[in-house]
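This report concerns only the one structure given below.
The values are calculated or read from the model by the stated rules, or taken from the named source; none is laboratory data. Model, not experiment: these values are computed from the prediction. Please note: Cβ atoms are built from the backbone with ideal geometry, for glycine as well, and neighbour counts cover all protein chains shown. In case anyone asks, the SASA skips ligands and DNA or RNA and just uses the protein heavy atoms, side chains included. Shrake-Rupley method; radii C 1.70, N 1.55, O 1.52, S 1.80 Å.
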Amino acid sequence: VLRVRPYPENGSAPPLAVEVGYRTVATVLVERPLSGLLPSEINLQHKLIDGIAISALVAALLAVSSALLASRRLVAPLHKLAVAVTRYGAGDRSSRAGEAKRGDEIGDLAIAFNSMAAHLEREDSLRRSLVADVAHELRTPLAILRAQLDAISMGIAEPTEQTLGSLSEEVDRLARFVDDLGVL
């Protein structure tokens, strides 16, 4: 058992007894330096403070560089996705988010964008095909109507009951087609 007493005001303390069990085995004399810290202690303190400051600076630099690398790794795919979305919005329907190899939310978002773009591209192709088919279906009866009306107006054909019946059939056909388009 080592008993420690505080220094008295005069700077010295009585000897301390080191006891094992109830028997004193040693005596320790503790004195406080009269002039404060020794030069070696001051030098050690300065070295410790310098070491702590350098360690803190290195830790801060490592933290900042790690944060920059992590943010670049996160932001780069988002930037690619933003560019693809902007190009798609500007009318470039072939724009895609690139390879979506990441297994995180950003990769999922890129996959969803690419899927949406492919779906819209298919829908756009179907729409163009439908418009082309509708235009073709409208041209045929209109061409027949125009040809018969031109023939009547030039005097090549007479506005007979048969000619007027054929014109009426073509008009009915056009009306049904327009109704069908309205249903679509």
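In the range 107-133, what count of residues is obtained for those that are of a type outside the set (A, V, I, L, M), under 30 Å from R72 (Cβ atoms) and open to solvent by 60 Å² or more (accessible area, probe 1.4 Å)? It would help to see each step written out before you state the result.
Going residue by residue through the range 107-133, those that are of a type outside the set (A, V, I, L, M) are 107-108, 113-115, 119, 121-125, 127-129, 133.
Right, trim to under 30 Å from R72 (Cβ atoms) and you get 107-108, 113-115.
Restricting the remaining residues to those that are open to solvent by 60 Å² or more (accessible area, probe 1.4 Å) gives 108, 115.
Going through the range 107-133 one residue at a time, the tally reaches 2.
The single condition among (1) within 30 Å of L181 (Cα to Cα); (2) at pLDDT below 85; (3) small (G, A, S) that S115 does not satisfy is (2).
Among the residues making up the range 61-106, those that are more than 16 Å from the chain's Cα centre (by Cα), closer than 19 Å to E121 by Cα and open to solvent by less than 60 Å² (accessible area, probe 1.4 Å) are Y88, G91, D92, S95. Out of all the residues in the range 134-163, which are part of a helix (DSSP H, G or I), hydrophobic (A, V, I, L, M, F, W, C) and surrounded by 13 or more Cβ atoms within 10 Å (Cβ to Cβ)? Passing the criteria: V134, L138, I144, L145, L149, A151, I152. Evaluating E31 against the criteria (1) open to solvent by 100 Å² or more (accessible area, probe 1.4 Å); (2) modelled with pLDDT of 85 or more leaves one unmet condition, (2). Between A97, A84, A112, A117, the distinction of being in a loop (DSSP other than H, G, I, E, B), free of Cβ contacts under 8 Å to residues at least 40 places away in the same chain and among the aliphatic types (A, V, I, L, M) belongs to A97 only.
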